[in-house]
Structures are given as structure tokens and as C-alpha cells.
1. Only one residue in ASP9, ASP49 is within 34 Å of the chain's Cα centre (by Cα) and not assigned by TED's automatic domain parsing to the domain that holds LEU113, so which one is that?
2. Take the conditions crowded, with 16+ Cβ neighbours inside 10 Å, touching a Phe, Trp or Tyr at 6+ places or on another chain (Cβ under 7 Å) and among the aliphatic types (A, V, I, L, M) and apply them to VAL317. Does it pass?
3. Can you name the residue in the stretch 331-348 that is under 14 Å from ASP320 (Cα atoms) and of a type in the set (A, V, I, L, M, F, W, C) and, of all such residues, is nearest to the chain's Cα centre (by Cα)?
4. Could you list, in sequence order, the residues of the stretch 307-323 that are within 37 Å of the chain's Cα centre (by Cα) and closer than 16 Å to GLY339 by Cα?
5. Look at the stretch 2-29 and say how many of its residues are without any contact (Cβ under 8 Å) to a residue 60 or more places away in the chain, of a type outside the set (Ser, Thr, Tyr) and within 22 Å of ALA62 (Cβ to Cβ).
6. Mind listing whichever residues of the stretch 315-343 are under 23 Å from VAL128 (Cα atoms) and without any contact (Cβ under 8 Å) to a residue 24 or more places away in the chain?
7. Working only within the stretch 91-111, note down all residues that are touching a helix residue (DSSP H, G or I) at 6+ places or on another chain (Cβ under 6 Å) and over 27 Å from LYS29 (Cβ atoms).
8. If I ask for residues that are part of a helix (DSSP H, G or I) and charged (D, E, K, R), which ones from the stretch 78-96 would you list?
Amino acid sequence: MNDHRDILDLLIVPNMTETRLHKLLARFKEPNAVKRATRSELTEVVGSDMAYRIQQSLAGSAVDRYLKIMDRLSIAIVPYYAVGYPAWLKAMDHFPPVLFIFGQIEPADENALAIVGTRGATVYGKGVAANFAAEFVRAGITVVSGMARGIDTAAHTSALKNGGRTIAVLGCGLDITYPPENRRLMAEIATRGAVISEFVVGTPPLAQNFPKRNRIIAGLSRAIVAIEAKEQSGVMNTVNWAVSQGKDVFAIPGNIYSKTSAGTNRLIKEGATPVTSATEVLESLGLPANRLPRPVREVSLDDQEHVIWEALSAEPVYLDELAERTGRATAGLLKTLLGLEIKGLIRQLPGMMFVKNP
């Protein structure tokens, strides 16, 4: 606990960057030794201004408040030299000197793949994310993402639903759920994986935090799978980090007229490997598929249901358009659609649109 207090004392010093903290720990070996260092010793490492800030901050530290929050929320603080720090993350440049962890990172999580994509994902994109995440966890792979709306949420949710492990990396303190509607998801991830951050509790989800967050997503993963992305987006930033770390990048080809596919299509032109199934990713990386059995569900369709099923796809279809495609009256069509929804084969979306489940 004293070590935790000492490292927190240093983290909350104004303008304390990861580079400065790494230098201090490299020089003094442990946080308490940094705190006991003289002004001149600190100046040799981080300059006179920073040395002054360190000593001023330590003189009036309010670290107890942070420790109480962390204790209440079961958040662990793990410096890079501690046993619980993921060893493979230290293989990248600029690895975070300290992680805050809600849940548990296990050695087996080194076998991880990141699924990333836009917050404004299409129904198709979220379906692909769910499908890939399901196949990855069945192969014993941990799914890493950023718990954002859209693709990230679909990937985490599917990993949990299919009995696998998943890690979410946040761009804020772990006492803040962002986005707020993912509060339950965050708690579920912590039971079968981990929610992690390099930011001290109380840190809001500021825009400048997310590019830093993205390097951790890349660092924790063997490869990146980009599903949907705009040309200027956080996804592209994550991919850049992955490339700089020598990681493989896979991208899902998309509609050439869709803004949500502009980024992934560009990645393919620039050298990312195009894939249309999770199996292709696993085979490319030399990973075995389907270590866990796929759930088997036998569903029988009558003639009416079969016609409707064949007329639907992964893209949403309006009720009136479906009636036109199948030549069915709307009233009877709705009854058949309800039956397919009860069987778990389709979903109804807002605006009387329907889509196949992946």
C-alpha cells in the first residue's frame, strides 16, 4: 500500500508525463526514493522547474482521496515493475509506467486481438464485430477494444456473450464510465477480463487522452482488426500505433460510397490485409480456430418464414420494401417476422426495419 501511495503521489504532480516518470524511476529505482531525493538530484533528471513542482506537490499531497476511491471501486494500481503488469506491453515504446486495473489481466491474455471501429457504426459493422469477436473467443483469444459506442461495444458484448475474455482500455479514470450507458458492460468486463487505464481516477474523457489510449490497445494485442472507420478517426490512430509496433493490421472491405468504410478501404490500399472472416485472421497469424465448441441450435422454418428469411440480409430492410420483395401483405408479413424474431434469427430496428442476426 505504501508503494501505491508513493506512486500516486508522483502521478498527481502537475505536468508529470510518462517520460518524466520513467526517467525518475530509472534513476531512483523506486517511488519512495524519488520522494526522498533532493532538489538538486531531481533537477539532474527532470530539470529545475519539474523538481520544484514535485517537491511542492508532495508537500501538500491529497493522495488519500484517490486511494479511497480506488478502494471503494476495487481498482488496483500496478506499476510497470510489479508482477501484475502485463509483460508483453513493455515490449512497445512509451509503455505506460502505471496501469489502473478493474478486474484481472492474466498471462493467457497475451494471446489477444484488437477489434476497433467507428462509434457511428452501421448495423452491418456491429454485426461483423460481434461475429469476429465470437469466433476469436472460441479460439481462446482475448478481445481487446476501447469500450466506445459502436464497434467497440459490439465486440466486448459478443466476447462476453460467447464465454470469452475481453479487455477494455479507457481514455479516462476508471471511476468514470464512458460512454455512461456502458456502466453494466464495464462491470461485466471486469468479471471476465479487465478494464484498464493509465489515467488517475477523476481524469475526464478528454479528447487528447484517446490517442494515448490507442497505443495501449495496440500494445496489448498481437494484431488489429479494423471493421469500419472514417478516414480521419481514432481507428486510424490505433492502426498507426500498431504499425509502429510491428503488428499486423487486418481490415474489412466496405461499401466504396460509405463514409464509415472510407478508412478501412484506404488501409487496404495502403497495405492492410483484407479479410472477410475471422478464420482468415486466425489462419494468417497461425492460430487454431474453434478451441471452444460453437453453440449448436437447430431451427426449422416453414415455407413463409423461409421466403422472408431469404429476402433479408445483414443490411436493414424497410417493412414496405420487404413486402414488395416477397409479395406478402403487411399484416401477414408482420406475423411471420415476429416468429423469426422469437426464434432469434432476425432483429427489428427503429423505423420498422428488419435485419438478419449474424
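The values are calculated or read from the model by the stated rules, or taken from the named source; none is laboratory data. Bear in mind the structure is a predicted one, so any value in this text is a computation, not a measurement. Neighbour counts run over all protein chains shown; Cβ positions are idealised from the backbone, glycine included.
1. So the residue among ASP9, ASP49 that is within 34 Å of the chain's Cα centre (by Cα) and not assigned by TED's automatic domain parsing to the domain that holds LEU113 is ASP9.
2. For VAL317, the condition - crowded, with 16+ Cβ neighbours inside 10 Å, touching a Phe, Trp or Tyr at 6+ places or on another chain (Cβ under 7 Å) and among the aliphatic types (A, V, I, L, M) - is met.
3. Only one residue tops the list, namely LEU337.
4. Within the stretch 307-323, ILE308, TRP309, GLU310, ALA311, LEU312, LEU319, LEU322 qualify.
5. Of the residues in the stretch 2-29, 10 are without any contact (Cβ under 8 Å) to a residue 60 or more places away in the chain, of a type outside the set (Ser, Thr, Tyr) and within 22 Å of ALA62 (Cβ to Cβ).
6. GLU341, ILE342
7. Across the stretch 91-111, the qualifying residues are PHE102, GLY103.
8. Scanning the stretch 78-96 gives a single hit, LYS90.
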